[in-house]
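K.L.:
I am attaching a structure below and will ask some questions about it afterwards.
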Amino acid sequence: MLGNQNIMAFVAVSDAVRARPFYEDTLGLAVKSVDPYGIMFDSNGIYLRMSIVRDFKPAPYSVLSWVVGDIQAMIRGLEEKGVKFERFPGLPQDESGAWSAPDGTKVAWFKDPDGNMLSLTQMGSQGA
């Protein structure tokens, strides 16, 4: 039923004025619209709605992930824009912060200004 419909993603923030430059300038997402409740971005044809939330608490897991073709190049590009990638004790990550799953999928995590956990994913042999 919904499998052939487009999906829209949401990310909650406490301060859109602070978060907007990160999503727009650092991550390179185009602003589609702005209203008193949030900002709509376009991420390669997928809408991302940044919603302003009172009493916001970030989740300790990825709320958004971008599937990329070359995770190392994307990490370098984001680091050049000031993004810091997360390191997790006990999780084997390479020098750039990327973790490799058994099928070769690679994942690297970073946070937005509100502490939302975001990630990059390079699909392995069983991926799309």
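K.L.:
Suppose every Lys and Arg Cβ carries +1 and every Asp and Glu Cβ carries -1, with no other charges. What dipole size does segment 70-128 come out with about its Cα centre, to the nearest 20 debye? Before the final figure, lay out the partial values.
P.N.:
Numbers: 6 positive and 9 negative charges, 11 e Å.
Taking the Cα centre of segment 70-128 as origin, the dipole is about 60 debye.
K.L.:
Just to confirm the number: angle between the C-alpha axis of helix 71-80 and the first principal axis of the chain, 0 to 90 degrees, nearest 10?
P.N.:
The angle comes out near 50 degrees.
K.L.:
Right, something else. Are there any trypsin sites (Lys or Arg not before Pro) in segment 28-63 that are in a DSSP loop and have at most 12 other Cβ atoms within 10 Å? List them by number. If you can, show how the numbers build up before the last one.
P.N.:
On the way: sites: K32, R49, R54; in loops: R54.
Within segment 28-63, the qualifying trypsin sites (Lys or Arg not before Pro) (loop, at most 12 other Cβ atoms within 10 Å) are R54.
K.L.:
Going by a ≥ b ≥ c, the root eigenvalues of the Cα gyration tensor, does segment 1-57 fall in the rounded group (a/c under 1.5), the prolate group (a/b larger than b/c) or the oblate group?
P.N.:
oblate
K.L.:
Taking the Cα centre of the chain as the origin and placing charges on Cβ (Lys, Arg +1; Asp, Glu -1), which of M74, I46, S14 is farthest toward the positive end of the dipole?
P.N.:
S14
K.L.:
Net charge within 13 Å of A59 by Cβ-Cβ distance, Lys/Arg positive one each and Asp/Glu negative one each, not counting A59 itself?
P.N.:
So the surrounding residues net to 0.
K.L.:
So which chymotrypsin sites (Phe, Trp or Tyr not before Pro) in segment 1-101 pass both tests, a DSSP loop state and at most 15 other Cβ atoms within 10 Å of the Cβ?
P.N.:
Passing both the DSSP loop test and the Cβ count: Y37, F56, Y61.
K.L.:
How fast does the chain diffuse by Stokes-Einstein, in µm²/s, taking the Kirkwood radius from C-alpha pairs at 4 °C and 1.567 mPa s?
P.N.:
My calculation gives 83 µm²/s for D.
FYI, it's all coordinate maths here, none of it is from the lab. It should be emphasised that the depicted structure is a prediction, and the values quoted were computed from it without experimental measurement. No Cβ is skipped: glycine too gets one built from the backbone with ideal geometry, and neighbour counts run over all protein chains shown.
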